[in-house]
1. Which residue, of Glu138, Glu118, Glu90, Glu111, is within 20 Å of Leu160 (Cβ to Cβ), out of contact with any Lys or Arg (no Cβ under 9 Å at 6 or more places or on another chain) and among the charged types (D, E, K, R)?
2. Under the condition of being touching a residue at least 40 places away in the same chain (Cβ under 8 Å) and over 14 Å from Arg130 (Cβ atoms), which residue from the range 43-67 is surrounded by the most Cβ atoms within 10 Å (Cβ to Cβ)?
3. Which residue pairs have Cβ atoms closer than 6 Å, lie 6 or more positions apart in sequence or on different chains, and pair a first residue in the range 183-197 that is over 23 Å from Asn162 (Cβ atoms) with a second residue that is of a type outside the set (D, E, K, R) and assigned to a loop (DSSP other than H, G, I, E, B)?
4. Looking at (1) farther than 26 Å from Gly148 by Cα; (2) touching a residue at least 40 places away in the same chain (Cβ under 8 Å), which one does Phe14 not meet, given that it meets all the others?
5. Looking only at residues in the range 16-39 that are under 14 Å from the mean Cα position of the chain (by Cα) and of a type outside the set (Gly, Ala, Ser), which one is nearest to Gly201 (Cα to Cα)?
6. Hey, does the range 130-148 have a residue that's more than 17 Å from the chain's Cα centre (by Cα) and more than 26 Å from Glu45 (Cα to Cα)?
7. Check the range 154-175 and report whether any residue there is of a type in the set (D, E, K, R) and in a strand (DSSP E or B).
8. Across the range 33-67, what is the total count of residues that are of a type in the set (Asp, Glu), more than 13 Å from Val108 (Cα to Cα) and in a helix (DSSP H, G or I)?
Amino acid sequence: MEKIDLKKELRHLFNPSKDEVQIVNVPGFNFLMIDGAGDPGKSKEFQTDVELLYGISYTIKFDMKKTGKDYIVMPLEGLWWADDLNSFAEGKKENWKWTVMIMQPSFVGKEEINSGMEKFALKKKMDTSRVRTEKYAEGPSVQLMHMGTYANEGPSIRKLHNYIGEHGYAFNGKHHEIYLSDPKKTIPDKIKTILRQGVTGKV
């Protein structure tokens, strides 16, 4: 059975340069999503949300494998913002808000997702009521690969933002991060995170 790897099929979206800002057009994909708020490094809710998303995603994957469709579960992604933009820019994480999410393959439908959520909730005795499914389309965006720890993203984010201003674009949507590495198993300076920002203007 061939194992589908959407990161390879969508290589232009999941393998940006770490040196040059890339312009991409991101179509709509289906996601499992959970919303939350607060400092992710100190929030038990954040860790629980991540556990829920991965647990449900793997439950769906194993169910789909029984039907003859095998695939690699996609990486965790996060949308980040704050009501006061200064709180976000200044790193006041206690004021941050987030949406954590994991992309689902197009052949995984509502029925399969609901079944996976029910099975996971029953097996793990966890509340899945905050998990939702949503199609998310960013459209025109700029992105860059950040190498290193999350705490050291500042220069990469500034590079992305400077590019937006220098090329006459305007911000559109929330700061988006895609986590390609497991920080518990990866040397700090080898951690890969895609930084992405939706834009408007001539792209």
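1. Glu90
2. Ile60
3. What qualifies is Pro183/Ile191; Pro188/Thr149.
4. (1)
5. Val26
6. So far as the range 130-148 goes, no, none of its residues is more than 17 Å from the chain's Cα centre (by Cα) and more than 26 Å from Glu45 (Cα to Cα).
7. Looking for residues that are of a type in the set (D, E, K, R) and in a strand (DSSP E or B), one finds at least one in the range 154-175, hence yes.
8. 3
The values are calculated or read from the model by the stated rules, or taken from the named source; none is laboratory data. Because the structure is a prediction, the values reported are computed rather than measured. Counting neighbours? That spans all protein chains shown, and the Cβs are built from the backbone with ideal geometry, glycine included.
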